[in-house]
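Please treat every number below as a calculation from the coordinates, not as lab data. Computed from a prediction, not measured in an experiment: that's the story for all the values here. Glycine gets a Cβ as well: all are built from the backbone with ideal geometry, and neighbour counts include every protein chain shown.
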């Protein structure tokens with residue numbers, strides 16, 4: 001979901017100020033009125049993000065996958081192995097390009113995943129799954145500034161290790177969790193969380209403030225990468 005917004009944001013940049021980029025934006029559906037102010041721009045951008053979202057995501061198993069940052073993946077994998085979790089196959093979230101590798105936990109109602117998805121890159125999640133179908137995910141990413149569906153909450157814990165994510169998930173787990181989970185349970189719970197969240201987001205849309213926040217975070221990240229390169 002974020003990847004769509006980031007892609008449009010990459011085209012947008014300082015598009016309000018240059019004719020060439022205005023022309024590019026019109027290919028996305030922007031009109032001159034949409035480029036008349038920042039408020040109008042972000043309002044239209046929020047609408048386009050929803051239009052570009054898939055109606056449904058399918059998790060399809062992959063035989064192999066080349067991680068975007070092998071060393072970062074190796075660190076995440078080593079951390080989960082140290083915690084005693086069991087590595088399972090990798091799935092791609094089609095039609096998007098996000099990849100999920102599931103890890104089974106000995107903790108009832110909890111599983112983990114290493115994800116490779118734009119714009120967050122490689123990060124780790126611990127997910128608590130409940131009997132009513134709801135989930136809560138704790139991930140080591142920065143706060144996204146977007147609303148989440150109440151039944152499937154994603155909590156951004158910042159740049160912490162998987163051990164801290166597991167501690168957070170175990171501490172906040174409620175008694176009505178599903179119990180010990182197998183791979184099929186994890187895939188089903190994760191896919192349901194994604195698709196119910198997509199359906200909700202397509203219904204409620206993005207606010208201009210959410211669109212603006214996503215663009216500003218992306219701009220800060222690119223500026224930082226430029227200074228480090």
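Each peptide in 199-206, 65-72 gets a packing score, the mean of other Cβ atoms within 10 Å over its residues, and the list from highest to lowest is 199-206, 65-72.
For 190, 130, the sequence from fewest to most other C-beta atoms within 10 Å is 130, 190.
With the convex hull drawn over the C-alpha atoms of the range 41-112, the volume per residue is 147 Å³.
Taking all C-alpha pairs of the range 97-150, those more than 18 Å from each other amount to 38 percent.
DSSP beta bridges fully contained in the range 58-201 are about 85 percent antiparallel. Each Cα pair under 8 Å and six or more residues apart adds its sequence gap; the mean of these over the residue count of the range 58-201 is a relative contact order of 21 percent. Over all projection directions, the Cα-based convex hull of the range 58-201 averages an area of 7.9 nm².
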